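Working notes, structure below.
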Amino acid sequence: MKNYLVIGNPIEHSLSPKIHNYWFTKHEITANYVKKKVTISDLENVIKKVKNKEINGANITVPFKEKIISYVDKLTEEANQAQSVNTLYLSDNKIIGHNTDIIGFELSLKERQLDFKNNNILILGAGGVTSSIIIALKNLGASKITISNRTKEKAIKLKERFKFIDIIDWGQTINAKTIINTTSLGLNKNDNIKLDFNLIGSGCFFYDLIYNPKETNFLQTAKSQGYKIQNGLMMFVYQAAESFKIWNDIDPKVDNELINLLQND
Ligand code: ATR
């Protein structure tokens, strides 16, 4: 029996066990994937268990994606670029920290055929996942990225690594073609993000990394004004698929049965 887990805090709402166990069953792999709430003092122990193969692979989620870096032996190029790790695996007896959020975000947009070149993109937030989104957008050809974060210093810190980004104050709106929420605002039903819709032109695309609730106020408001919207479910699915691929050397199928299972949770 192989053992996998996702660690984070909070972790109750994670759908990772559901998705990985679905694929394990589909591929007749004898394995179990669980979620575990941990504190920072538990990280070393998780690493030890991956090293001695008690754990065959782990996902890392909020708020440990940066904190885990100091415990791993090696970062992949993606994880190093993003300074964010969401997947651990063992290779040549070394703990490798990898990032599948970047490819997850990229793949979540593959059917939309969006042209990011020379279009203003506004990213709300400067938390742990934002660097992965910036890298993915760059990979997709984006050139004009503006960040707005409540704590401006965190946006400034990001600009030290990604010199090409612009920064605006929290609460300011620009005429963007794509607006992406990477903050945790929206997890609670009453959360609201202040945007001046008079400044946003037609055809703007609104993306929220949050997938539960399915439509945050940010997405609901945009939708009611006739804009195209997307939530974070497909990014979640594709980042999981990439982790699964690394651990099992199998490219798992993303089918309707799976999407329905996750949506009906
Ligand atoms: P993580 O990096 O683990 O995802 P985080 O670093 O706390 O979590 O990032 C959460 C993001 O949501 C940040 O951009 C945070 O803004 P601050 O940097 O100012 O904290 C944003 N966020 C959370 N609650 C918010 C609120 N009530 N208003 C505005 N932004 C908020």
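Read-outs: derived from the displayed coordinates by stated rules, not from any lab. Since we're looking at a predicted model, the values are computed, not measured. No Cβ is skipped: glycine too gets one built from the backbone with ideal geometry, and neighbour counts run over all protein chains shown.
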Report summary line: dims of the range 165-265, Cα set, principal axes, largest to smallest, nearest Å -> 47, 32, 25
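With a sphere of radius 13 Å drawn around the Cβ of Asp251, what net charge do the other residues whose Cβ falls strictly inside it have (Lys, Arg +1; Asp, Glu -1)?
That sum, taken over residues with Cβ under 13 Å, equals 0.
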Query - Violating pairs (Cα-Cα greater than 21 angstrom) within the set Lys37/Lys67; Lys49/Lys74; Lys65/Lys177 - result: Lys65/Lys177
Report task. Give a residue-ordered list of calculated ³J(HN,Hα) values for the range 8-22 (Karplus: 6.51 cos²θ - 1.76 cosθ + 1.60, θ = phi - 60°; whole Hz; x for Gly, Pro). Result -> x, 6, x, 9, 3, 8, 5, 9, 4, x, 4, 6, 5, 5, 4
Query raised in the report: What does a probe at Thr39 reach in the range 81-97, counting residues whose amide N is under 20 Å from the point 7 Å along Cα→Cβ?
Result: none
Query - Over the chain: helical MRE at 222 nm, DSSP H runs n ≥ 4 each giving -39500 (n - 2.57), nearest 500 - result: -9500 deg cm²/dmol
Report summary line: Scan of the chain for trypsin sites (Lys or Arg not before Pro) in DSSP loops with at most 13 other beta-carbon atoms within 10 Å gives a longest site-free stretch of 54-109
Requested in this report: First obtain the Kirkwood hydrodynamic radius of the range 141-207 from its Cα pairs, then insert it into the Stokes-Einstein equation at 4 °C and 1.567 mPa s, and state the resulting D in µm² per second as a whole number.
Outcome: 99
Requested in this report: Give the shape of the range 99-212 as rounded, prolate or oblate, defined through the alpha-carbon gyration tensor: a ≥ b ≥ c are the square roots of its eigenvalues, a/c under 1.5 means rounded, and otherwise the shape is prolate if a/b is larger than b/c and oblate if not.
Outcome: rounded
**Report entry** Projected area, mean over directions - the range 21-159, Cα convex hull, nm²
**Finding:** 10.3
Query - Karplus-derived 3J(HN,Hα), 6.51/-1.76/1.60, for each residue of the range 98-106, Hz, glycine and proline x - result: 10, 10, 10, 5, 4, 5, x, 5, 4
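FRET efficiency for Asn80 and Asp196, Cβ-Cβ distance as r, R0 = 30 Å, nearest 0.05? Intermediate values should be presented prior to the final figure.
Details: r = 37 Å, r/R0 = 1.24.
The computed FRET efficiency comes out at 0.20.
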Query raised in the report: In 5 Å bins starting at 0, how do the alpha-carbon pair distances of the range 21-92 split up by percent?
Result: 3, 13, 26, 24, 17, 12, 4, 0
Report summary line: Using alpha-carbon coordinates alone, the radius of gyration and Dmax of the range 90-140 in Å work out to 13.9, 44
Query - Under 15 Å from Lys163, Cα to Cα: aspartates and glutamates that are on another chain or at least 8 residues apart - result: Glu153
Query raised in the report: Cα axis of helix 152-161 to longest principal axis of the chain: angle in degrees, 0 to 90, nearest 10?
Result: 70
Report summary line: Note, the range 41-53: 3J(HN,Hα) by Karplus (6.51, -1.76, 1.60, θ = phi - 60°), whole Hz, Gly/Pro = x, goes 6, 8, 4, 4, 5, 4, 4, 4, 5, 5, 5, 8, 6
Requested in this report: Report the semi-axes of the equivalent ellipsoid for the chain in whole Å, largest first, where each axis is √(5λ) for an eigenvalue λ of the Cα gyration tensor.
Outcome: 32, 21, 16
